[in-house]
Amino acid sequence: MILSALFSVLLLALIAKAQLCNQLPCVANAACNANNQCECNPGLAGNGRTYCEANKCICSTIADPHGFLFDSNQEVTANLPCSLFFTNYFNTSCNVQVYLDTETRGTGTNANFRVFTRQMRATINNFANGLIASLTVDASGVTVSSGSSIVTTSASDGFSVAEVSNCNTRMGYNDTYGAAYLSLPTGGPTYQQFCGDCDGTADENPGSTPESQLSYYLQFLAPTAQQDGTYSSTCGTIQSTISSCSANRDAAANICLPYIDSFGKCLLSNGGIADYATLLSSFANCLSTVCSGNAATACTTLAALDTGSASCSVTTPTSCP
Ligand SMILES: [Ca+2]
């Protein structure tokens, strides 16, 4: 209780120091922009709510959840309570693989629709010496399972921070906002994962529509060995379905998005579908059906929910035949 109160005082002190934009704090070297959003000070890369630094590749995720890619801070919504392959960066001495695991934090009609990052985990290999560091950052701070001599831990702007100096890699996690960030050197190539390739060009092109962002995001779902147990089986099904669905992935995202969007919320609120686990399974079945080349069947199933007793209406997806 005393510790909790002390933490609250410290948190309030931190927030009091920070500038608020849209009622949310920015980090110390950021300020509100014209749209009342936190923005890093001029010359710094990153998202003003998580981390800002000059001459770095910075990718972050905040709240329920919004991902911000390396180049130009492009925003992508990540809709599922599933593990995500965040980035795979390499240079001549380090190969950095980073994953996010998530949890749902919703209440009321938003139950389970609000997906927050629960932990960021990284394994770092050196081509000559194999694994040199393995670490996780979560609500309890930084856990280093190997390579402790090259990992430095600290706290900054409300984030627990781990730095792997050999690889110029920094990870931060803030449990209050379910926020995480990753900072890497510029100049090294990245195998494209969720964060994109940090080549200075916003060529990842996830698009601005919810279905195009869902299509982009689905490609980077990760195997679920460390994902929250409640939905990990369904997440595994979705991940394996999408891994062999490049030709139909856009159509699948377009047709199946309603299950995890406002239509899905309406179905849950009005008893049109039993619970979120069933909804997520229905979404997985929809993806599988479209990926198998049966878009018409998936659309018929969706339309049947529309005309069901829940009185929820769905706009016919443009990819429906
Ligand atoms: Ca790029």
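With under 19 Å from Tyr99 (Cβ atoms) and in contact with a helix residue (DSSP H, G or I) (Cβ under 8 Å, 6 or more places away or on another chain) as the only criterion, which of Leu218, Leu214 stands out? Just one listed residue meets the conditions, Leu218. Thr234 meets the stated requirement of being touching a helix residue (DSSP H, G or I) at 6+ places or on another chain (Cβ under 9 Å), in contact (Cβ under 8 Å) with a residue 12 or more places away in the chain and more than 16 Å from the ligand (Cβ to nearest atom).
Can you find a residue in region 192-212 that is over 30 Å from Val290 (Cβ atoms), assigned to a loop (DSSP other than H, G, I, E, B) and touching a Cys at 6+ places or on another chain (Cβ under 8 Å)? Yes, the conditions are met somewhere in region 192-212.
Taken over region 121-142, the residue count meeting the criterion of being in a strand (DSSP E or B), more than 18 Å from Phe85 (Cα to Cα) and among the small types (Gly, Ala, Ser) is 2. Taken over region 274-289, the criterion of being crowded, with 21+ Cβ neighbours inside 10 Å and more than 24 Å from the chain's Cα centre (by Cα) is satisfied by Thr289 alone. For the condition in a loop (DSSP other than H, G, I, E, B), among the β-branched types (Val, Ile, Thr) and within 23 Å of Cys235 (Cα to Cα), Ile255 does not qualify. When the test is whether a residue is part of a loop (DSSP other than H, G, I, E, B) and of a type in the set (Gly, Ala, Ser), Ala225 passes it. Determine if region 177-184 includes at least one residue that is modelled with pLDDT under 95, within 16 Å of the ligand (Cβ to nearest atom) and out of contact with any Leu (no Cβ under 6 Å at 6 or more places or on another chain). Yes, some residue in region 177-184 is modelled with pLDDT under 95, within 16 Å of the ligand (Cβ to nearest atom) and out of contact with any Leu (no Cβ under 6 Å at 6 or more places or on another chain). Determine, yes or no, whether Ala202 is within 16 Å of the ligand (Cβ to nearest atom) and touching a helix residue (DSSP H, G or I) at 6+ places or on another chain (Cβ under 6 Å). Yes, satisfied.
For region 48-103, give me each residue that is among the small types (Gly, Ala, Ser), in contact (Cβ under 8 Å) with a residue 24 or more places away in the chain and either surrounded by fewer than 24 Cβ atoms within 10 Å (Cβ to Cβ) or farther than 13 Å from Cys195 by Cβ (or both). Working first, answer last.
Step one: list which residues in region 48-103 are among the small types (Gly, Ala, Ser), which gives 48, 54, 60, 63, 67, 72, 78, 83, 93.
Subset that is in contact (Cβ under 8 Å) with a residue 24 or more places away in the chain: 48, 60, 63, 67, 72, 78, 83, 93.
Those that are among the small types (Gly, Ala, Ser), in contact (Cβ under 8 Å) with a residue 24 or more places away in the chain and either surrounded by fewer than 24 Cβ atoms within 10 Å (Cβ to Cβ) or farther than 13 Å from Cys195 by Cβ (or both): Gly48, Ala63, Ser72, Ser83, Ser93.
Can you confirm whether Tyr231 is in contact with a Ser or Thr (Cβ under 9 Å, 6 or more places away or on another chain), aromatic (Phe, Trp, Tyr) and crowded, with 23+ Cβ neighbours inside 10 Å? In short, yes. Scanning region 205-214 for residues that are of a type outside the set (S, T, N, Q) and within 16 Å of the ligand (Cβ to nearest atom) turns up Pro206, Gly207. Would you check if there is a residue in region 124-144 being buried (at least 16 other Cβ atoms within 10 Å of the Cβ), more than 16 Å from the ligand (Cβ to nearest atom) and on the phi > 0 side of the Ramachandran plot? Within region 124-144, not a single residue is buried (at least 16 other Cβ atoms within 10 Å of the Cβ), more than 16 Å from the ligand (Cβ to nearest atom) and on the phi > 0 side of the Ramachandran plot.
When Phe116 is tested against (1) within 18 Å of the chain's Cα centre (by Cα); (2) more than 29 Å from Tyr276 (Cβ to Cβ); (3) surrounded by fewer than 23 Cβ atoms within 10 Å (Cβ to Cβ); (4) more than 16 Å from the ligand (Cβ to nearest atom), exactly one condition is not met: (2). The residue that is nearest to Ala63 (Cα to Cα), among those in region 164-191 that are in contact with a helix residue (DSSP H, G or I) (Cβ under 9 Å, 6 or more places away or on another chain) and assigned to a strand (DSSP E or B), is Leu184. Of the residues making up region 70-83, those that are under 25 Å from Glu39 (Cα atoms) and away from the ligand (no atom under 16 Å from the Cβ) are Thr77, Ala78, Asn79. Go through region 48-69 and give me each residue that's over 14 Å from Thr169 (Cα atoms) and within 16 Å of the ligand (Cβ to nearest atom). Scanning region 48-69 gives Gly67, Phe68, Leu69.
Of all residues in region 182-195 being under 17 Å from the mean Cα position of the chain (by Cα) and more than 18 Å from Asn79 (Cα to Cα), which is surrounded by the most Cβ atoms within 10 Å (Cβ to Cβ)?
In this case the residue turns out to be Leu182.
The values are calculated or read from the model by the stated rules, or taken from the named source; none is laboratory data. This is a predicted model, so every value here is computed, not measured. We place every Cβ from the backbone using ideal geometry, glycine too, and count neighbours over all the protein chains shown.
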